[in-house]
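Below is one structure, written out as structure tokens; the observations come after it.
The values are calculated or read from the model by the stated rules, or taken from the named source; none is laboratory data. Owing to the predicted nature of the structure, the values given are computational and were not obtained by experimental measurement. We place every Cβ from the backbone using ideal geometry, glycine too, and count neighbours over all the protein chains shown. These area figures cover heavy atoms from the full protein model, side chains too; ligands, DNA and RNA do not enter into them. Shrake-Rupley method; radii C 1.70, N 1.55, O 1.52, S 1.80 Å.
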Amino acid sequence: MHHAAREMRSPILSIHPYIPAIGQHEDVICSMASRGDCDHRLVAQVRTELSDGSIHHWRVCGEWLTSHPSAIAHIKTKGFQEPANP
């Protein structure tokens, strides 16, 4: 079964851009890289709320931001928050 972009199970609280975008290295990887290969530069930190109420931070590349319907909808309605520190 092929998933181009699996929909987020957790609601997006905010999206914080990295300015400038940052390269990935051992401790800083894209959330997509954990499910395969991703070597794009990281462009944002996405904060989501898990089912237990805790806040989780994802580091994401531009491809992730433009392929997830929930991310696209969030950007359209709420835009970006203040830049994040890597």
Review point. Say we look at segment 25-50 and pick out the residues that are touching a Cys at 6+ places or on another chain (Cβ under 9 Å) and in contact (Cβ under 8 Å) with a residue 24 or more places away in the chain; which of these is most open to solvent (accessible area, probe 1.4 Å)?
Key: ILE29
Point to revise | Condition check for SER51: in contact with a strand residue (DSSP E or B) (Cβ under 9 Å, 6 or more places away or on another chain), of a type in the set (Gly, Ala, Ser) and modelled with pLDDT under 95 | key: no
Study note, to complete from the structure: Picked from segment 33-74 (must be farther than 16 Å from ALA21 by Cβ and of a type in the set (Val, Ile, Thr)), the residue nearest to the chain's Cα centre (by Cα) is THR48
Point to revise | Qualifying residues in segment 64-78 (those that are in contact with a strand residue (DSSP E or B) (Cβ under 9 Å, 6 or more places away or on another chain) and touching a residue at least 24 places away in the same chain (Cβ under 8 Å)) - the one surrounded by the fewest Cβ atoms within 10 Å (Cβ to Cβ) | key: LYS78
